[in-house]
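In what follows, a single structure is set out as structure tokens and then discussed.
Every read-out reported here was derived from the displayed coordinates using simple, explicitly stated rules and does not represent laboratory data. No experiment lies behind these values; they were computed from the predicted model shown. Don't worry about glycine lacking a Cβ; one is built from the backbone with ideal geometry, like all the others, and counts go over all protein chains shown.
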Amino acid sequence: MPNDRWEPALDQVLLLTMLLSRDTTESLARMGLTEARAHLVWELQAKGPCTQRVLASALHVTPRAITALVDSLVETGFVTREPCPADRRATLVTFTELGRTTGQALADGHRELARHLFAGLPAEAFDGFEGGLRHVVNQLRALLTEPGRGAP
């Protein structure tokens with residue numbers, strides 16, 4: 001493939017990331033969430049009640065950062081802290097009803113956006129898009145792990 005098509009393709013990828021970012025930020029704001037708080041809600045939706053240590057590991061943040069995130073979600077009514085039956089020194093982060101419905105809304109919105117974006121693509125075009133996107137993501141991850149570039 002001639003490389004004179006690569007920069008316009010990258011321009012489209014960058015435009016896609018900007019549009020997705022704007023949509024995500026606006027949608028989360030309507031739900032009363034920031035991106036970081038939504039990430040925690042997403043993980044809790046997938047894992048169920050879990051300790052802050054598990055959440056910190058899943059989000060790749062420090063214990064101090066996860067404490068601040070959980071504190072903010074407790075204050076806004078999305079989660080509670082409860083004693084952990086398996087470890088009396090730990091607490092479980094669990095959804096409130098608001099958190100449960102918000103987590104479900106995030107999952108439903110994700111599914112709906114995927115349907116809107118990809119439903120009109122023929123299977124062969126979708127397979128090519130998915131394969132090409134996987135290749136680009138893997139290339140970017142490899143590039144970001146090169147010395148002096150930072151972690152992905």
note = Residues whose built amide H sits under 5 Å from the amide H of residue 79, excluding neighbours closer than 5 in sequence, are 74, 96
task = Express in whole angstrom the spacing between the alpha-carbon centres of segment 24-97 and segment 98-152.
result = 23 Å
query = If you build the Cα gyration tensor of segment 19-119 and take the root of 5 times each eigenvalue, what three semi-axes come out, in whole angstrom, biggest first?
reply = 26, 13, 12
message = Could you tell me the calculated FRET efficiency between residue 129 and residue 101, based on Cβ-Cβ distance and R0 = 30 angstrom, to the nearest 0.05?
response = 0.40
message = Tell me the relative contact order for the chain as a rounded percent, counting alpha carbon contacts under 8 Å between residues six or more apart.
response = 16 percent
query = How much mean residue ellipticity at 222 nm does the chain get from its helices, if each DSSP H run of length 4 or more adds -39500 (n - 2.57) and you divide by all residues, to the nearest 500 deg cm²/dmol?
reply = -23000 deg cm²/dmol
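At 0.36 nm per residue, and after removing the present C-alpha to C-alpha distance, how many nm does the segment from residue 75 to residue 12 gain when stretched out fully? Intermediate results must be reported in sequence, preceding the final value.
Values: separation 63, 0.36 × 63 = 22.68 nm, distance 3.95 nm.
Working it through step by step, the gained length comes to 18.7 nm.
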ask   = Across 5 Å bins from 0, what is the distribution of all Cα-Cα pair distances for segment 30-81, in whole percents?
value = 4, 22, 37, 27, 8, 1
key: Net charge of Cβ neighbours under 10 Å - reference residue 54; Lys, Arg +1; Asp, Glu -1   = +1
message = Sort 91-99, 43-51 by the packing proxy (mean of other Cβ within 10 Å over each peptide's residues), most packed first.
response = 91-99, 43-51
